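Step one of this worksheet: look at the structure below.
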Amino acid sequence: MAERGGAGTREELDRVLADLRALSEDIESCAVLSGERDLLSSSHGPGVDRERVGAMLAALVNLSEKVARENGKDHTSQLRIDTEGGHLLVVRLDDGGALVATTGPDARVGLVLYDMRNSRGEVEKVLAEGGEG
Amino acid sequence: MKKLLRNLFLLGALAGAAYAARSYLQGESAADETVQIVFDDGSTRSLASNTTEGQEFTDISRKIVEIGL
């Protein structure tokens, strides 16, 4: 499930993502991207190209930061993209990383974003503890 | 000759109608795809997918939603 980082951190991130998915049933998949744009953990299914997904997520987060700079802002704190197939939701972490989730088209997006914002603190805590150890 | 011209005219009209319907439907679905960005100061910006900037976001997101994380 997890991709990089210490074993303890990976397991903890997996647990946080599993808790988030259990809490928010509309979430189909979710992941944590580090401030260096590395895919730290994800709920990918078999057959999903992790490097490709990580690169696409990094491109998306970089694009949102570019838009923030162009608008005279420091950074983007939240991103919601509605597509025909579903929604892509991104919540920024303190270190510049991101908590990302996908949902189906009929998801209660406001509720999912609320749950993601609530989980953000726990993800940041795990990453901070992992950095110390 | 007259009949041939009439058939050609009808064929052209049909092709035009099909193209117009296709463009209309594509435009409608594109407008459904939107991007909402919330900045650190709480301000927001929305981008439609029929803009160059918005399309970059929706193109990547469509693929991610399709394959999952």
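The values are calculated or read from the model by the stated rules, or taken from the named source; none is laboratory data. Computed from a predicted structure; not experimentally measured. Backbone-built Cβ (ideal geometry, glycine too); neighbour counts: all protein chains shown. Side chains included, ligands, DNA and RNA excluded: accessible areas come from the protein's heavy atoms. Shrake-Rupley method; radii C 1.70, N 1.55, O 1.52, S 1.80 Å.
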Practice item. With label points built 7 Å along Cα→Cβ from the Cα atoms of A:L23 and B:T51, find their separation and express it in nm. Key: 3.3
Check your understanding: If you find the alpha carbon centre of the range A:13-33 and of the range A:56-123, how far apart are they in angstrom?
Key -> 14
Check your understanding: Averaged across the residues of A:65-76, what count of C-beta atoms belonging to other chains lies within 10 Å of each residue's C-beta?
Key -> 4
Exercise for review: Within a 10 angstrom radius of each residue's Cβ in A:81-93, how many Cβ atoms of other chains show up on average? Whole number is fine.
Suggested key: 6
Revision key, fill the gap. For A:R50, the accessible surface traced by a 1.4 Å probe with all protein chains present amounts, in square angstrom to the nearest 10, to 120
**Study point:** Interface B:A - total buried accessible surface [probe 1.4 Å, Å², rounded to 100]
**Key:** 2700
**Study point:** Probe 1.4 Å, all protein chains present, accessible-area order of B:T44, A:T76, largest first
**Key:** B:T44, A:T76
Review point. Roughly how many Å² of B:R6 are accessible to a 1.4 Å probe, to the nearest 10?
Key: 140
Point to revise | Area accessible to solvent at B:V35, 1.4 Å probe radius, in Å² | key: 0
Revision key, fill the gap. Rounded to a whole number, the mean other protein chain Cβ count within 10 angstrom for residues of B:48-55 is 1
Point to revise | Under-5 Å amide H pairs with A:G97, H placed in peptide plane, nonlocal only | key: A:G35
Practice item. Pull out a ≥ b ≥ c, the square roots of the eigenvalues of the alpha-carbon gyration tensor of chain A, then state rounded if a/c is under 1.5, prolate if not and a/b is larger than b/c, and oblate in the remaining case. Key: rounded
Study note, to complete from the structure: Diffing the range B:56-68: the Karplus 3J(HN,Hα) column from phi (6.51, -1.76, 1.60, θ = phi - 60°), in whole Hz with x for Gly and Pro, holds 4, 5, 5, 4, 5, 5, 4, 5, 5, 4, 5, 8, x
Review point. Given a Förster radius of 41 Å and the C-beta distance between A:N62 and B:L8 as r, what FRET efficiency does 1/(1 + (r/R0)^6) yield to the nearest 0.05?
Key: 0.20
